[in-house]
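Trainee: First the structure, which I've put down as structure tokens, then a few questions once you've had a look.
The values are calculated or read from the model by the stated rules, or taken from the named source; none is laboratory data. Everything numeric here is computed off the predicted structure, so don't read it as measured data. Side chains included, ligands, DNA and RNA excluded: accessible areas come from the protein's heavy atoms. Shrake-Rupley method; radii C 1.70, N 1.55, O 1.52, S 1.80 Å.
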Amino acid sequence: MPEVQRKSKISASRKLQLKSLMLAKAKECWDQEQEEREAEKSRYLAERVPTLQTRGLSLSALQDLCRELHAKSETVDEERYDIEAKCAHNTREIKDLKLTVQDLRGKFKRPPLRRVRVSADAMLRALLGSKHKVSMDLRANLKSVKKEDSEKERPVEVGDWRKNVEAMSGMEGRKKMFDAAKTPISP
């Protein structure tokens, strides 16, 4: 059964306008994120790396400052190395997990998905859990109407069909049919 392509509810020009608006909003958000990153980076650097005051320091004070900076750079390099090792380990683990998932996908056939009809009550119960108290049984709110037997109202006349044909033939029969169609049937 071929799928019928449904017409879109919005026009192509409206789609294009919405797409351009979404792109403009995304660009605005991107620019704002870039500015926030730059501000965070400058704040972090100002906090972590104070400005150096090398004017008026003696040779021994400058040597102590160099040793101190060298020690800090070594600790930062060690932390960076540890983080890179953890990252490499995690990427390897992710790659292995992806391979196992692909292997498992190959072994099992995916069943074709079918549309499932769910009542409004079942849907609300699934969404809200036990909090769902309101009943969506719309049929319970309807009035009950008794169906009257149409057979009792109009008894079927069973007779000789030849008499009926003879009675309806000619102009008299047509007049009877016309008059019968004109008069409403009362219940």
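Trainee: Could you please put Y81, Y44 in sequence from largest to smallest accessible area, using a 1.4 Å probe?
Mentor: From most accessible down to least: Y81, Y44.
Trainee: For the range 17-25, take each phi angle, set θ = phi - 60°, evaluate the Karplus expression 6.51 cos²θ - 1.76 cosθ + 1.60, and give the result in whole Hz per residue in order, putting x for glycine and proline.
Mentor: Values, residue by residue: 5, 5, 5, 5, 5, 5, 5, 5, 5 Hz.
Trainee: Per residue of the range 26-39, what does 6.51 cos²θ - 1.76 cosθ + 1.60 with θ = phi - 60° give for ³J(HN,Hα)? Whole Hz please, x for Gly and Pro, Karplus curve as stated.
Mentor: 5, 5, 4, 5, 4, 4, 5, 5, 4, 4, 5, 5, 4, 5
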